[in-house]
Amino acid sequence: MLSDVPARFVQSNGVAGAKLKNASDAVPQSSTAVDWATHLTAEAKLRSQPTLRRLVVGSAGKHEVAGLHGGLPHPSIFPLEGITLHLKGGASLTIDDPQTVTDAQQYNLTSQGYDPLREWVRVHTNEQHHPPPSGQHDILITNGNNHTFEVLVANLVGAGGCMLCEEFTYPHVVESVAVPLGIRLHGVAMDAEGLQPDALRQAMQNAKQSGSSVPKVLYIIPTGQNPTGAVSGLDRKKAIYQICQEEDIIILEDDPYYYLQFSTGPGEQPGLAGLQPSYLSLDVDGRVARMDTFSKFLVPGLRLGWLTVHPELLLKACMTLQGATVGACGLSQVITAELMRHWEQKGQLEAHVRDVQGQYARRAACLLRAADSHLQGLAEWVAPTAGMFLWMRLLHCSDADDVIQQLVEAGIIVLPGRVAHFQGPCPPGGCPFIRMSFSKASSAEMENGISTLAWILRARSAQANGSSKNLAPTALPSLSGACRAATPGMDQMAGNPPVVPGL
Amino acid sequence: MSGSAPEANGSCNGAGHAITDIEKYLSTDGRARQSGSLSKLIFKFTGIPDVVGFHGGLPTAEAFPFSGIKFSLVDGEQISLSSDQVKAAQQYNVKGDGYPPLQTWAEEAVQKLHAPPADHAVSITTGSNHALDIVLGLLLDRGDHVLTEEFTYPHMVDSITGPRGYQLWGVSYDNHGIIPEAMDQSLKQAAAEKRPLPKVLYTVPIGQNPASFCIPAQRRQEIYDVCSRHDLLIVEDDPYWAIQFPAHSDGELGVHRLGESFLSMDTDGRVVRLDSFAKMLAPGLRVGWLTAHPELTARFSYAMHGSCLGPNTFMQVVLHQMLMQWGWEGLDRHCKRIQGIYRRLADTFHETAQEELTGLAEWERPEAGMFVWLKFLAGVHDYDDLLNLMLEQKVTAAPGSICHVEGPQPDVGCPWARICFAAVTQDQVKTGVQRLAKVLRKYQAAQQTR
């Protein structure tokens, strides 16, 4: 065999891959289809298929060709021979097929990712979302949603550009992407179901009237929204999608908690069949770039996810990903593909997802019980039905910072809501919200944490009322000296960070 | 060239050019980079006892599917992770500069192998491509200049500098790397003409891609001095450092005799060194490490974390355990093994080429890396002249023009090809060279009959 690239990785043009729909089927065109030329940034337009990549892919599988062009190391140097993964519940998964183990250690030979994984993802995404054929969606394996978001921003927004987002959003997006790139965020008001359609219309109107550039991209977290926990129902999504059609907005659907929808009531968990429909499922125009990740329902340590999007944007995203990390980690892709195949044979993916949903449901229920018993009249919240966050408004506080210092001293670490504001970490005006995650704390810690919070809020409320009537009879829970000594002061959590060496 | 005296202005060894304020070297993006508040909270409170952490969005370990992780190695070694390691392998990074035990290993490796003279810090990376992408983003704004060899790493040109709008400044080189006098002259002229100067020198000093040279110590010092004089940062991208197989050496070099890096002579703190496990172990792991001025490393890890939440922990944990079990002895053994494999392939190429290509092409026997930089004789003006014959004879190589800093230039002509001898078997190397010879002979014959 003269080629180092196995025949099964051959692709005709090096880019187009497993479309969600059979390519030979007629694809109805949407009247509001996206004109990608008007959405791509200057950097995106400069990206073209690298010559070397074209060479590598073009001669892949042609066994008779002596390929001396590519820079792929020879598999004989790779150190790993086999992998065994023990699964909870007793089963184990062994990966020792020489070709598979080689593939795991080699550079990505197909630009869009390891084919067996991509195929699994294609079938799964079809089953979960039934994307409308006119959207022409295709799949790219990614490094998880953080990186995918960065890639999409580079191709659709760019440094100095602008973007719509929920008023409270994933802090990382603000501080680690928007701020360094000088991207102007237009925050849109939310309610218990997430982003509000009227507020979106208003935001677009304001942007047009202001004379500065009009945003063409909406970043949204529709399920178990970070930080508010909101879940957008189908009608809400339809209303927002319609506005995006009218305004020609591309929707970046960041959905890491999609699989973490749960029921804290007595009924069954939703599993895979009972999940809220996505924006992708509505996407007749091909204007939704849906980011899925294995991080929350499987393993964050593998750094793996997938992007479902129109082929024109997929091409740019693929090349950007190649330019950055040369594709996703090979071993992660192989492990995930093998695990999915193993589970599929026994219907176990559904069982795993239900199990995970049940865990988060129990955790949410535990935190809510503590909140119900201690925080009535001191805080307001909506019980979450997805994700890992409880978003709480502190009454008698104009800003969470009023109580953060005391919480820290008591060893209770929460995220001040201002950090998640689109103008964070120090937005104008006060922010009386905190985000509490229920993914890690034990039930004892939740009880301890919430009762401490209650004590602090009661003291604050008494202070505000100028009377001591409302002081709780119990003292602040006792703490270990080690905890007090270890926690940093409030100024280290405020907007001006100290220099942290090595980070 | 070697043994030349220090410049008359007395600024040899970069004395007096130590970098004290990294801010002035940063791009707009680089200056704006801070550690995110959420990440800071998570890093701060990880591992602190008696803290009730409601802040992070780290998934619960109870939901992770794996209870055991075992790897078997080609050399017979078995790796079995402890239950703490199994949990860590499945979780997000809890520190911005990588999985702490692996980061500690990398710090020790840098000290052991390079003993950098200036203050430095080490971060684990997601592989050198991404590290390069991030580093250039921290240092350069659109329109800024990167100085590099006239022929350079094509992927960087295609996928990073091109789309980002960084200008490449090509400098002449010979068998030992960039020619310091040419670089110095080029920079002086630009300064005199008040043209913008490059901020960064980018080089692959061992097994350069594509020209395959290795920069010896004396030449390195001269290059370093020019950079120091003109206050350039040096991005030392060294993926083939462990893949050295000099023609004359007693035994394979292993990991301890790999020579002096730019980092090892970095008195100013201006070197950003990119190390990678990709060629030393396997590319599919997507893990490497970066060494630079502490503030630059800090910005790098904020940017890396901001980009993708860091390298995948699964690989970091496995790699760390593997390196612990191997110890330095095992790593040395592994390096010797792969150096032997590459040496045999390089020798096969060179010997077959001597038999078949003498008079038809020029090349140097490679002493490191994966490439041979082959110049076509036989009247070839550009690689493209040979395309049809190569298709007919069923052989491919990478056209040299794709490695030029200005990309393919049809009117100039580029009679070079980059041959990768290391991605194929010994037989494939022989066959490839024989077919190339046939191509050239046929081309030559066709020219003569005109």
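The values are calculated or read from the model by the stated rules, or taken from the named source; none is laboratory data. Remember, predicted model here, so these are calculated numbers, not experimental data. Virtual Cβ from ideal backbone geometry, glycine too; neighbours counted across all protein chains shown. Side chains are part of the model used for accessible areas, which takes the heavy atoms of the whole protein and leaves out ligands, DNA and RNA. Shrake-Rupley method; radii C 1.70, N 1.55, O 1.52, S 1.80 Å.
Computed quantities for the displayed model
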read-out	value
Only one of A:Ser263, A:Ser281 that is in a helix (DSSP H, G or I) and open to solvent by 10 Å² or more (accessible area, probe 1.4 Å)	A:Ser281
Condition broken by A:Ser92, with the remaining ones in (1) in contact (Cβ under 8 Å) with a residue 60 or more places away in the chain; (2) open to solvent by 10 Å² or more (accessible area, probe 1.4 Å); (3) of a type outside the set (Asp, Glu) satisfied	(1)
Failed condition for B:Ala131, given (1) of a type in the set (Gly, Ala, Ser); (2) within 30 Å of A:Leu298 (Cβ to Cβ); (3) more than 10 Å from chain A (Cβ to nearest Cβ)	(3)
Test for B:Lys438: is it in contact with an Asp or Glu (Cβ under 9 Å, 6 or more places away or on another chain) and at pLDDT 95 or above	yes
Pairs with Cβ under 6 Å, 6+ apart, first in region A:33-51 and farther than 15 Å from A:Val217 by Cβ and without any contact (Cβ under 8 Å) to a residue 60 or more places away in the chain, second open to solvent by less than 20 Å² (accessible area, probe 1.4 Å) and part of a helix (DSSP H, G or I)	A:Leu46/B:Pro163; A:Thr51/B:Ile402
Subset tally (residues that are under 22 Å from the mean Cα position of the chain (by Cα) and either of a type outside the set (D, E, K, R) or at pLDDT 95 or above (or both)) for region A:434-463	7
Residues of region B:29-51 that turn out to be part of a loop (DSSP other than H, G, I, E, B) and over 15 Å from B:Leu309 (Cα atoms), as a count	6
Hits in region B:138-166 - residues which are within 11 Å of chain A (Cβ to nearest Cβ) and open to solvent by less than 10 Å² (accessible area, probe 1.4 Å)	B:Leu138, B:Pro154, B:Met156, B:Ser159, B:Ile160, B:Thr161, B:Pro163
Subset of region A:312-337 [more than 10 Å from chain B (Cβ to nearest Cβ) and either without any contact (Cβ under 8 Å) to a residue 40 or more places away in the chain or open to solvent by less than 30 Å² (accessible area, probe 1.4 Å) (or both)]	A:Leu313, A:Leu314, A:Ala317, A:Cys318, A:Thr336, A:Ala337
All positions within region A:425-462 that are open to solvent by 10 Å² or more (accessible area, probe 1.4 Å) and within 23 Å of A:Ala178 (Cβ to Cβ)	A:Pro425, A:Cys426, A:Pro427, A:Pro428, A:Gly429, A:Gly430, A:Phe433
Members of region B:134-162 found to be assigned to a helix (DSSP H, G or I) and among the aliphatic types (A, V, I, L, M), listed by number	B:Ile134, B:Val135, B:Leu136, B:Leu138, B:Leu139, B:Met156, B:Val157, B:Ile160
Considering residues of region B:311-327 that are more than 7 Å from chain A (Cβ to nearest Cβ) and in contact with a Lys or Arg (Cβ under 8 Å, 6 or more places away or on another chain) only, the residue surrounded by the fewest Cβ atoms within 10 Å (Cβ to Cβ)	B:Trp326
Output for region B:52-80, where each listed residue is within 29 Å of the chain's Cα centre (by Cα), more than 7 Å from every other protein chain (Cβ to nearest Cβ) and either outside any loop (DSSP other than H, G, I, E, B) or among the β-branched types (Val, Ile, Thr) (or both)	B:Ile79
Unique match (being among the basic types (Lys, Arg) and touching a strand residue (DSSP E or B) at 6+ places or on another chain (Cβ under 9 Å)) among B:Lys394, B:Lys336	B:Lys394
Residues being away from chain B (no Cβ under 14 Å) and part of a helix (DSSP H, G or I) - total across region A:172-206	10
Criterion: more than 10 Å from chain A (Cβ to nearest Cβ), surrounded by 20 or more Cβ atoms within 10 Å (Cβ to Cβ) and out of contact with any helix residue (DSSP H, G or I) (no Cβ under 6 Å at 6 or more places or on another chain) - qualifying residue of B:Ala346, B:Ala397, B:Ala353, B:Ala378	B:Ala346
Wholly enclosed strands (runs of 3 or more DSSP E) of region A:304-412 bearing at least 3 residues modelled with pLDDT of 95 or more and among the hydrophobic types (A, V, I, L, M, F, W, C)	A:305-309, A:389-394
Selection within region B:116-136 - open to solvent by less than 10 Å² (accessible area, probe 1.4 Å) and closer than 30 Å to B:Asp174 by Cα	B:Gly127, B:His130, B:Ala131, B:Leu132, B:Val135, B:Leu136
Of residues in region B:414-445 being among the aliphatic types (A, V, I, L, M) and more than 9 Å from every other protein chain (Cβ to nearest Cβ), the one surrounded by the fewest Cβ atoms within 10 Å (Cβ to Cβ)	B:Ala445
Unique residue being charged (D, E, K, R), more than 10 Å from chain B (Cβ to nearest Cβ) and in contact with a strand residue (DSSP E or B) (Cβ under 6 Å, 6 or more places away or on another chain) when the list is A:Arg341, A:Arg393, A:Arg369	A:Arg393
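Residues checked against (1) in contact (Cβ under 8 Å) with a residue 40 or more places away in the chain; (2) over 18 Å from B:Met324 (Cβ atoms); (3) open to solvent by less than 50 Å² (accessible area, probe 1.4 Å):
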residue	(1), (2), (3)
B:Ser39	yes, yes, yes
B:Asp50	no, yes, no
B:Ala63	no, yes, yes
B:Phe66	no, yes, yes
B:Ser83	no, no, no
B:Ala88	yes, no, yes
B:Asp97	yes, yes, yes
B:Glu107	no, no, no
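Conditions (1) modelled with pLDDT under 95; (2) under 18 Å from the mean Cα position of the chain (by Cα), marked per residue:
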residue	(1), (2)
A:Ala159	yes, no
A:Glu166	no, yes
A:Thr169	no, yes
A:Ser176	yes, yes
A:Ile183	no, no
A:Val188	no, no
A:Gln196	no, no
A:Ala203	no, no
A:Ser212	yes, no
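Yes or no, residue by residue, for (1) in contact (Cβ under 8 Å) with a residue 24 or more places away in the chain; (2) more than 14 Å from chain B (Cβ to nearest Cβ); (3) farther than 25 Å from B:Ala61 by Cβ:
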{"residue": "A:Asp402", "(1), (2), (3)": "yes, yes, yes"}
{"residue": "A:Gln406", "(1), (2), (3)": "yes, no, yes"}
{"residue": "A:Pro416", "(1), (2), (3)": "yes, no, yes"}
{"residue": "A:Val419", "(1), (2), (3)": "yes, no, no"}
{"residue": "A:Ser437", "(1), (2), (3)": "yes, no, no"}
{"residue": "A:Ser442", "(1), (2), (3)": "no, no, no"}
{"residue": "A:Ile450", "(1), (2), (3)": "yes, no, no"}
{"residue": "A:Arg460", "(1), (2), (3)": "yes, yes, yes"}
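Listed here are the residues, each with its yes/no results for (1) closer than 18 Å to B:Trp328 by Cβ; (2) within 12 Å of chain A (Cβ to nearest Cβ); (3) within 17 Å of the chain's Cα centre (by Cα).
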{"site": "B:Gly259", "(1), (2), (3)": "yes, no, yes"}
{"site": "B:Phe262", "(1), (2), (3)": "no, no, yes"}
{"site": "B:Asp268", "(1), (2), (3)": "no, no, no"}
{"site": "B:Arg273", "(1), (2), (3)": "no, no, yes"}
{"site": "B:Ser276", "(1), (2), (3)": "no, yes, yes"}
{"site": "B:Met280", "(1), (2), (3)": "yes, yes, yes"}
{"site": "B:Gly284", "(1), (2), (3)": "no, yes, yes"}
{"site": "B:Leu296", "(1), (2), (3)": "no, no, no"}
